[in-house]
Amino acid sequence: MRDRYQTVGSRKREITSLIIIALSIHLLMLIHDIASNYYPFLWGDRGTGRWEAMLALVQSEPTSYLSHLAGAEVGPGEYLLQLPSYLIGGRAGIIIFQISLSVLSTVCLYEATAILLPWNRAPFICALIYSLLPQSIVFPHQFTTEAVATPFCTFFLYLMARSLRQNRLPAALWGGLCYGIAIFVRPSLALALPALLLLPILYSSRQRQVATVRGVAICAVASLPLALWVAAFTGTTGRIGYTSGVANLGWNLRSKVFLVYAENGWAEPPELARFLEYAQLYADTGGGISVPRYLELVSEHPVSFAKDAVISLGQVLWRGNVTKLFIDYLRIAADQKIKDLPKNVLGAGNTGALLDAMRGNVGFISILLLEAVFSLANICFVFIGVGFLLFALARPQKVSSKIGSVAFQSMLIIASILFGVIASSEIVDAAQAGPEGPSA
């Protein structure tokens, strides 16, 4: 155990400071939420869909709960965890619940960093940066999946670090359950499970059998919440899946294929021949393309699909998320289409339109510069992090001897989740739902 982790007094002071900072910011924002009649609350992808699905469930008879859950356009994990807090305190109750998750995840990140890193100030600095990121500030005040899934991923990382440090399986299983909840909320995170199972096994030079048992147990527990819902959904609707809306793997794969074929001017494959434009895909929410069929189409045009994946990743990296705070939440320069720049302006090489938009518009310029700064920082962190992870996977013994086995195994877990995030960002629907104000 590191000396840093034994300084209980300083640890308590730092954790208290983090809680005070985070709560002060979020409570001030809660005042803004109430004063604006919760206008930013549904300002997010499918926020209105979650709100309507939750209200429909509340107003339905108990005998029809399951059919409402299965028939909604969003998965139940996107709103069920917030339902008790809504019944207690309305929209303010949901926000307070999500703030609690955010603050607790900040504390868990602090504790996990204290376990993994030897530097005295590293836990406080990492947790402070995490709590002050634009998305960490805004998401607890919006009806988004990130407001719940991200904290539960952080709980998972902390419990896994604790399990590895103490060599105890129960903490790992509790961590697996936390990750299972995150998957239930955001099913694309399940894409990380194969890597989460295999990486620790491949890189455990000692106690490989223990690593195998641990990995299988964690993945089994993590798969359970979504698996139970898939079984219930299949029994209710008669088709395998987890949602009646478009937020499913098959639909997103079909969406990706449509966009790549349309961009290159190719004749659509048979599964897409009846769709003349992208918006028509939404009318067929139950349709989709299987993973084998998707891989078959990719193999026919590998360069084009690879190019599209690089562009998609570039758009993800461009998002410094400052716009989430200033545009989505505070509504500053909201009519300037800043969030569309990567796709509509920069992607098309239309620099003239960009210069026209900037001319004399201080708000636009300020937010654009902030977004650029955060985006560059984001890109740097991602490349440094991924580069270090690849080096660790290539030279495991060298890295493990320097940072310790617990930190190295935790890095494998982080690499697994990163794989899931990158994979889901590549296959997810490129066109996000249009923002809508909250209903009365």
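The values are calculated or read from the model by the stated rules, or taken from the named source; none is laboratory data. None of the values given here were measured: they were computed from a predicted structure. Ideal geometry is used to build each Cβ from the backbone, glycine not excepted, and the neighbour counts take in all protein chains shown.
Computed quantities for the displayed model
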item	result
Inter-residue pairs, beta-carbon under 8 Å, first without any contact (Cβ under 8 Å) to a residue 12 or more places away in the chain and in segment 213-237, second aliphatic (A, V, I, L, M), 6+ apart	Thr234/Ile240
Some residue of segment 122-132 being modelled with pLDDT of 85 or more, of a type outside the set (Phe, Trp, Tyr) and more than 27 Å from Ser400 (Cα to Cα)	yes
Residues (under 19 Å from Glu111 (Cβ atoms) and modelled with pLDDT of 95 or more) located in segment 134-152	Pro151, Phe152
Long-range neighbours under 7 Å by Cβ, at least six apart or interchain, first residue farther than 29 Å from Leu30 by Cβ and β-branched (Val, Ile, Thr) within segment 96-125, second modelled with pLDDT of 90 or more and surrounded by fewer than 21 Cβ atoms within 10 Å (Cβ to Cβ)	Ile115/Arg162
Ile332 vs. criteria assigned to a loop (DSSP other than H, G, I, E, B), closer than 26 Å to Ala72 by Cβ and among the hydrophobic types (A, V, I, L, M, F, W, C)	no
Residues satisfying the stated conditions in segment 95-115, i.e. over 19 Å from the mean Cα position of the chain (by Cα) and of a type in the set (Gly, Ala, Ser)	Ala112, Ala114
Looking only at segment 116-130, and only at residues there that are part of a helix (DSSP H, G or I) and surrounded by fewer than 23 Cβ atoms within 10 Å (Cβ to Cβ), the one that is nearest to the chain's Cα centre (by Cα)	Tyr130
From Ser290, Ser312, Ser244, residue being of a type in the set (Ser, Thr, Tyr), within 30 Å of Ala372 (Cα to Cα) and touching a residue at least 24 places away in the same chain (Cβ under 8 Å)	Ser312
